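Worksheet for the structure shown next.
The values are calculated or read from the model by the stated rules, or taken from the named source; none is laboratory data. What you are looking at is a predicted structure, and each value in this text was computed from that prediction instead of being measured. We place every Cβ from the backbone using ideal geometry, glycine too, and count neighbours over all the protein chains shown. Please note that ligands, DNA and RNA were not included when accessible areas were found on the heavy atoms of the full protein model with its side chains. Shrake-Rupley method; radii C 1.70, N 1.55, O 1.52, S 1.80 Å.
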Amino acid sequence: MTTLTVGRPATGDGEPASVGWGPLLVVLAGTFMTFLDFFIVNVALPSIQRDLHAGPAAVQLVIAGYGLSFAVGMISGGRLGDLYGRRRIFTVGLALFTLTSAVCGLAPGTAFLVTARVLQGAAGALMTPQVLAILGTVYAGHRRDRAFAAYGLAMGIAGVLGQLLGGALIRADIGGSGWRGIFLINLPVGVIALLLVRRTVPESRGRRARLDLAGTALATAGLTAIVLPLIEGQQYGWPQWTWLSLAAAPVLLTGFVAHQLRRRARGRAPLVDPGLFRGRTFGVGSLAALTFSLVPPSFFFVLALYLQDGRRLTPLFSGVVFSAVGAGFFAAMLTATAITARLGRQILALGALVVAAGSAALAGAASAMSSAGLLPGLVIAGFGIGMVLVPLSSTVLRGVDAQHAGAASGVLSTAQQVGGALGVAVVGVVFYRVLGAGAASAAFTGAFRASLYTLAGLTVLTAGLVQLLPPPATR
């Protein structure tokens, strides 16, 4: 059994001096690839549709299949790491992700590509929860905070620069690869990380027990019932099956919670220990993570639509405009640790309100003649997103016992993915309802502005929930 506690050093004020930054670099390579593949595909969809002669619904599944399997597999993936070793499961996930990236890049048809993307998302779900769990057990004290900050940076930069990198790869057309290059770029990164992972990343695990198969089935079914209609509903006009699925989700998840409580009462290891939620830090922090996760993906979603369909920018140039968000995010990464030392958990509330200010500034500049007028609002919004994402994982996972680190990381990651799907669904409804049947620039400007005001309002939820978090001295 692991004796370390996430967020607390084993002895003194830090981890053993022999631990360097090698584990961080290796696991963040996996983090960057998994989150990059959420966003990089968007810019390639027109090329994929032309090359594979795919219909709109099939092309949509290239995105939806990945997002669905990634989101619903996170809790199970985290628990597998607790039971069988986090480095081992991370390595398996990394190897499968690299392999399925190659299959995506070589796909001869749409059905082949969609299947590979579903498997790629499942591989990412094995890998991602292990990252936070590994960082939380390898590092402690200030080094742990810096490691979690780097995790937030990798996740944010992958989202911000995905479109720019995708456009650059397609335009470069290396070896005639075209859109396939956005998947094949994962191969050298994945292979190098696989060669280094065993040398650099120490193994850790929780108590040995059997995997809760019934709990896994209930959690997977319940999360699928939520995430699938949120991903596909807007595309198909919210047909009846989406509402039936959403109605079934609370029933399935209630059954999951009851099953976990029964297993714990009988002395058997649950998939997610209900005791995790007894501490306000993890329970309220996970809810705050979910509410803030409504914002960044939907922000990127409507910004891409506005830039490419409203302003008629090329994918590459719109990616350049996107990089202003990255500049703000990077600035937050450099300053967040110092701000956190002064403000503590209130940095999350401040960051959320900065996002609201950036969204309001961007809404005011939406009708500007030049795209340069958008840059101040984008930088401010990026800075606010960074102020939240950089310290978020460290704040939520503080005090979680190491034997539950994988499951806790899986719950946190799942909350973020479900929040992202919900945010895109909600803000997408606002955007398309205001847009109506209009295709003129003014229609897109109005839809973009309404979406930004909605996003500004959503950030207040996060700022309010932060006030319920306990001070650092209490759990």
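Return a yes/no flag: does region 231-241 have any residue that is among the small types (Gly, Ala, Ser) and in contact (Cβ under 8 Å) with a residue 40 or more places away in the chain.
yes
Please work out which residue is most open to solvent (accessible area, probe 1.4 Å), limiting yourself to region 301-329 and to residues that are modelled with pLDDT under 85 and among the aromatic types (Phe, Trp, Tyr).
In this case the residue turns out to be Phe317.
With the checklist (1) at pLDDT 90 or above; (2) under 30 Å from Asp309 (Cα atoms) in hand, flag the one item Val103 doesn't pass.
Going through the list (1) at pLDDT 90 or above; (2) under 30 Å from Asp309 (Cα atoms), Val103 breaks only (2).
Looking only at residues that are open to solvent by less than 20 Å² (accessible area, probe 1.4 Å) and either free of Cβ contacts under 8 Å to residues at least 60 places away in the same chain or not polar (S, T, N, Q) (or both) in region 284-299, which one is farthest from Phe431 (Cα to Cα)?
Gly285
Which residues, counting only those in region 32-52, are modelled with pLDDT of 85 or more and more than 26 Å from the chain's Cα centre (by Cα)?
Asp51, Leu52
Across region 304-349, what is the total count of residues that are polar (S, T, N, Q) and more than 24 Å from Tyr151 (Cβ to Cβ)?
The qualifying residues number 3.
Name, by its number, the condition in (1) within 25 Å of Leu96 (Cα to Cα); (2) buried (at least 20 other Cβ atoms within 10 Å of the Cβ); (3) without any contact (Cβ under 8 Å) to a residue 60 or more places away in the chain that does not hold for Leu223.
Of (1) within 25 Å of Leu96 (Cα to Cα); (2) buried (at least 20 other Cβ atoms within 10 Å of the Cβ); (3) without any contact (Cβ under 8 Å) to a residue 60 or more places away in the chain, only one is false for Leu223: (3).
Quick check: is even one residue across region 330-337 among the aromatic types (Phe, Trp, Tyr), crowded, with 22+ Cβ neighbours inside 10 Å and assigned to a helix (DSSP H, G or I)?
no
Take region 163-176 and flag every residue that is within 27 Å of the chain's Cα centre (by Cα) and more than 13 Å from Val320 (Cβ to Cβ).
Leu169, Ile170
For a quick check of your reading of the model, give me the residue pairs whose first member lies in region 21-41 and is surrounded by fewer than 24 Cβ atoms within 10 Å (Cβ to Cβ), whose second is among the polar types (S, T, N, Q), with beta-carbon atoms closer than 6 Å and at least 6 apart or on different chains.
Within 6 Å, the pairs are Gly22/Thr200; Pro23/Thr200.
Going residue by residue through region 234-243, is there one that turns out to be modelled with pLDDT under 90, buried (at least 17 other Cβ atoms within 10 Å of the Cβ) and either among the polar types (S, T, N, Q) or in contact with a strand residue (DSSP E or B) (Cβ under 8 Å, 6 or more places away or on another chain) (or both)?
Yes: region 234-243 contains one or more residues that are modelled with pLDDT under 90, buried (at least 17 other Cβ atoms within 10 Å of the Cβ) and either among the polar types (S, T, N, Q) or in contact with a strand residue (DSSP E or B) (Cβ under 8 Å, 6 or more places away or on another chain) (or both).
Please indicate, with yes or no, whether at least one residue in region 80-96 is within 29 Å of Phe301 (Cα to Cα) and either open to solvent by 10 Å² or more (accessible area, probe 1.4 Å) or of a type in the set (Lys, Arg) (or both).
yes
Restricting to region 139-171, and then to whatever is open to solvent by less than 10 Å² (accessible area, probe 1.4 Å), farther than 25 Å from Ser318 by Cα and hydrophobic (A, V, I, L, M, F, W, C), can you tell me which residue is modelled with the highest pLDDT?
The residue in question is Ala147.
Please tell me if Ala289 is within 23 Å of Thr414 (Cβ to Cβ) and assigned to a helix (DSSP H, G or I).
When the stated conditions are applied, Ala289 passes them.
Taking region 61-85, which residues are over 19 Å from the mean Cα position of the chain (by Cα) and not small (Gly, Ala, Ser)?
Leu80, Asp82, Leu83, Tyr84
Quick one: in region 366-394, which of the residues that are open to solvent by 10 Å² or more (accessible area, probe 1.4 Å) and modelled with pLDDT of 90 or more is nearest to Met155 (Cα to Cα)?
In this case the residue turns out to be Phe383.
Which of the residues that make up region 106-123 are open to solvent by less than 40 Å² (accessible area, probe 1.4 Å) and either at pLDDT below 95 or hydrophobic (A, V, I, L, M, F, W, C) (or both)?
Ala107, Gly109, Thr110, Leu113, Val114, Ala116, Arg117, Gly121, Ala123, listed by residue number.
Scan the helices (runs of 4 or more DSSP H) fully inside region 357-475 and keep the ones with 3 or more residues being basic (Lys, Arg), under 17 Å from Leu132 (Cα atoms) and touching a helix residue (DSSP H, G or I) at 6+ places or on another chain (Cβ under 8 Å).
Because the criterion is at least 3 residues that are basic (Lys, Arg), under 17 Å from Leu132 (Cα atoms) and touching a helix residue (DSSP H, G or I) at 6+ places or on another chain (Cβ under 8 Å), no helices (runs of 4 or more DSSP H) in region 357-475 meet it.
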